[in-house]
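Structure, as structure tokens:
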Amino acid sequence: MTNQVGVNPIVLQRADPCVLRHDGQYYFTGSHPAYDRIVLRRAERLEDLQAAEEVTIWTRHDSGPQSHLIWAPEIHRVNDAWYVYYAAAPNDHGTADLPGTPETFNHRVFVLENTADDPFTGEWIDRGQVDTGWESFALDATSTVIDGQQYLVWAQQAFDVRGHSNLYIAPMANPWTLAGPAVELTRPEFDWETRGFWVNEGPSVLIRGGRVYLTYSGAATGIDYAMGLLTAELGSDPLDPASWTKSQTPVFVSDPTAGQYGPGHNSFTELADGTPVLVYHARTYTEIVGDPLWDPNRHARAQILPFGADGNPIWGTPVPDTRPVPTSTAILSPSGELQ
């Protein structure tokens, strides 16, 4: 089986991609390069998402904690309602929260709710900030249900841990409220996680074959950005760090032969027959002019994720592009035209 999924990229200039398959449709969201809105599109095929109409379901506030740098929205379906988790900040610059700690941005995790069957027609209600237990740089929340219990997994800075963010998990009382304290699952410690920045972020969960696979991304967001992996047995306690085994090496990295650099901040979806699909972003070049934050050309990609005889994923490497991609720093319209 080829690991190609139709054409790639599946959506241009949308970093941190999240794809949810529901009722025969693929729902897509990701970071808009202007970082000022949350967008949603859908299609029956992954390869049709680029041409699908993009709808803005929420825009940043004029001031306050949800007014700057809207990052990494994720769409989830929980108890017959739609939820979008995202990160937002009150300003567009970083601060050092305590003397001696690294400068970070000021993001917190927020959630939107829509109880309509169709998220394009229903009303999105702001459920506000998710209280993670302490106030510090927090982002990249994802929701997962393991053995019937909903959990939130996210990245956050701890002032007593070197670096910008670690990964935490907590049970949820409802989709915007934690039901217990945060438990640290991983912090930057290996060489590949600490290149440029000490970062663990962008978690995503895949449950298959009696195992729970928790992927995440580490390092600065250029060529060194890569995906790591935690694995637990289904039936073990996700809140016990001892349940998780951490890979010492990344499982998905840049591939110069394919012209793909900095793959990461992934999500998982599936084909109609249940075949797992890995969704991620990557760039096609290594030299970035100016602040990488404002380079719009991290494009959303997807490829089939095969499994080996031992029941574990065969991660492989990023697939080459099969459609033209922009290399200029101009932001495209949703249809792919220059604005």
Pro263 buried (at least 21 other Cβ atoms within 10 Å of the Cβ), in contact (Cβ under 8 Å) with a residue 12 or more places away in the chain and assigned to a loop (DSSP other than H, G, I, E, B): no
One residue from Gly100, Gly94 being modelled with pLDDT under 95 and on the phi < 0 side of the Ramachandran plot: Gly94
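Kindly establish whether Phe110 is open to solvent by less than 10 Å² (accessible area, probe 1.4 Å), in contact with a Gly (Cβ under 7 Å, 6 or more places away or on another chain) and of a type in the set (Phe, Trp, Tyr).
Numbers: open to solvent by less than 10 Å² (accessible area, probe 1.4 Å): yes; in contact with a Gly (Cβ under 7 Å, 6 or more places away or on another chain): yes; of a type in the set (Phe, Trp, Tyr): yes.
It is true that Phe110 is open to solvent by less than 10 Å² (accessible area, probe 1.4 Å), in contact with a Gly (Cβ under 7 Å, 6 or more places away or on another chain) and of a type in the set (Phe, Trp, Tyr).
Got a sec? Which strands (runs of 3 or more DSSP E) wholly within the range 1-83 have at least 1 residues that are polar (S, T, N, Q) and either open to solvent by less than 40 Å² (accessible area, probe 1.4 Å) or modelled with pLDDT of 95 or more (or both)? Spell out how you get there, then give the answer.
On the way: elements: 15-22, 25-31, 37-43, 55-59, 68-78.
Here the list reads 25-31, 55-59.
Would you be able to tell me the number of residues in the range 271-280 that are out of contact with any Leu (no Cβ under 9 Å at 6 or more places or on another chain) and open to solvent by 30 Å² or more (accessible area, probe 1.4 Å)?
Within the range 271-280, the first condition is being out of contact with any Leu (no Cβ under 9 Å at 6 or more places or on another chain), and the residues that meet it are 272-274, 280.
With the extra rule that they be open to solvent by 30 Å² or more (accessible area, probe 1.4 Å), the set shrinks to 272-273.
Of the residues in that region, 2 qualify.
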Some residue of the range 85-96 being over 29 Å from Ser243 (Cα atoms) and in contact with a Leu (Cβ under 6 Å, 6 or more places away or on another chain): yes
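Please report, ordered by residue number, the strands (runs of 3 or more DSSP E) entirely within the range 175-247 with at least 2 residues that are over 20 Å from Tyr85 (Cβ atoms) and open to solvent by 10 Å² or more (accessible area, probe 1.4 Å).
226-233
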In the range 281-323, the residues that are touching a residue at least 40 places away in the same chain (Cβ under 8 Å), open to solvent by 10 Å² or more (accessible area, probe 1.4 Å) and within 29 Å of Leu234 (Cβ to Cβ): Ile304, Pro306, Phe307, Gly311, Asn312, Pro313, Trp315, Gly316, Thr317
Unique match (being crowded, with 19+ Cβ neighbours inside 10 Å, in contact with a Phe, Trp or Tyr (Cβ under 8 Å, 6 or more places away or on another chain) and not polar (S, T, N, Q)) among Gly128, Gly163: Gly163
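The values are calculated or read from the model by the stated rules, or taken from the named source; none is laboratory data. Because the structure is predicted, anything quoted here is derived from the model rather than measured. Glycine also receives a Cβ, built like all others from the backbone with ideal geometry; neighbour counts cover every protein chain displayed. Side chains are part of the model used for accessible areas, which takes the heavy atoms of the whole protein and leaves out ligands, DNA and RNA. Shrake-Rupley method; radii C 1.70, N 1.55, O 1.52, S 1.80 Å.
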